Amino acid sequence: MSPVVPAGSETVSVVCAVTSADAPLEEFHKRTKAAMQSISPSVDFEILFVDDSTEDGVLEVLADLADQDAHVGVIRLSRSFGRETAVVAGVDHAEGDAVVLIDPYLQDPPQVIAEMVAKWREGWDVVAAERVDGPADFRLMSRRVVDTLRETDDENRYSRALVAWSGFPRFALAYEHDAQRPGPQKTFNVLGKALSGATQLSDKPLKLATTLGLFVTAAAFLAGLFLAVRKIIDPSNGTAGYASMMTVILFLGGIQLLTIGILGQYLGRTYTEVKRRPLYVVAARYNVDVDSEITDLTETVLALPSVAASPGEPR
């Protein structure tokens, strides 16, 4: 069980990655702040927004929230690194005795955080809020879980799997999510952008082998089925042995490509890991304290660009 922190003296960090302009940020902030203030005994708290280089005025909205509320901190990444990396950036900057991960789209109700904190106070290191209709990325982690995650240096991160790997006591808290709320929209890169970094900056060519293997295997199965049906309908049609020979050749070729693709996945991950690049680059921070460990990895900019607002009061 997690070491007990005296109730009423804890600090809880709420980390949310903003990956789309569709997030109702003002409403999320209002409901999350109310949820944190409703916790009894009371806790000190911070709400960290990680802007994954979104557009459409998201940065300005976050800056206004940080200017109006000293509990709000904003971390702006230099480009879009993806949701998982944005979550890592938020966890790296979180100062709380417990850290809550939640998406800002209000499908996951912030009021559940109070129940999660109650279970954490009972000694659980991980309180995973699970939807009644499936898993979610809404969870609370104790400080020692967070410190364990920060010690890992995996380039390819999957937070849910890493939390489970850490092995700390876990409590599953069931809740009903708001399915009517829209989640983040998924966007697809255009062909030119995909090809620009196909070889030097990506392992996508290796992944192509897996896709090709699956396609050829499926084609071989369908071809074999077609030839078998045609042979049954008209036994005189076709060269003897042709159907079985082509089916076997195509099937084995598909399996080989599939196997090469799987090996390519591992090779691609190894290729990514050995480069040892920073997981993310911070373009700006606002109302966020930076320790020396984080400063060594990222550029520190203490004011948000193109935002006419002074920093909020320090927490």
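The values are calculated or read from the model by the stated rules, or taken from the named source; none is laboratory data. As the structure is a computational prediction, the values presented were derived from the model and not from experiment. When we count neighbours, we look across all protein chains shown, and the Cβ atoms used for this are built from the backbone with ideal geometry, even at glycine.
Give the residue that is nearest to residue 158 (Cα to Cα), with candidates limited to residues of the range 258-303 that are of a type in the set (Val, Ile, Thr), assigned to a loop (DSSP other than H, G, I, E, B) and modelled with pLDDT under 70. Selected residue: 298.
Can you spot a residue in the range 9-27 that is out of contact with any Lys or Arg (no Cβ under 7 Å at 6 or more places or on another chain), at pLDDT below 90 and farther than 28 Å from residue 174 by Cβ? So far as the range 9-27 goes, yes, one or more of its residues are out of contact with any Lys or Arg (no Cβ under 7 Å at 6 or more places or on another chain), at pLDDT below 90 and farther than 28 Å from residue 174 by Cβ. In the set (1) modelled with pLDDT under 55; (2) out of contact with any helix residue (DSSP H, G or I) (no Cβ under 9 Å at 6 or more places or on another chain), the condition left unmet by residue 198 is number (2).
Taking the condition free of Cβ contacts under 8 Å to residues at least 60 places away in the same chain, closer than 18 Å to residue 112 by Cα, among the aromatic types (Phe, Trp, Tyr) and touching a helix residue (DSSP H, G or I) at 6+ places or on another chain (Cβ under 7 Å), does residue 45 pass?
Judged against the criteria, residue 45 is a match.
Pairing each residue of the range 83-94 that is among the acidic types (Asp, Glu) with any residue that is assigned to a helix (DSSP H, G or I), provided the two are 6+ apart or on different chains, yields C-beta distances under 7 Å for 84/159; 92/150; 92/294.
Every test in (1) out of contact with any helix residue (DSSP H, G or I) (no Cβ under 7 Å at 6 or more places or on another chain); (2) in a loop (DSSP other than H, G, I, E, B); (3) modelled with pLDDT of 70 or more is passed by residue 168 save one, and that test is (1).
Among the residues of the range 55-86, which ones are surrounded by fewer than 23 Cβ atoms within 10 Å (Cβ to Cβ), part of a helix (DSSP H, G or I) and under 20 Å from the mean Cα position of the chain (by Cα)? Selection gives 58, 83, 84, 85.
Every residue, every condition in (1) modelled with pLDDT of 90 or more; (2) aromatic (Phe, Trp, Tyr); (3) closer than 23 Å to residue 143 by Cβ, yes or no:
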| position | (1), (2), (3) |
| --- | --- |
| 65 | yes, no, no |
| 82 | no, no, no |
| 87 | yes, no, yes |
| 112 | yes, no, yes |
| 122 | yes, no, yes |
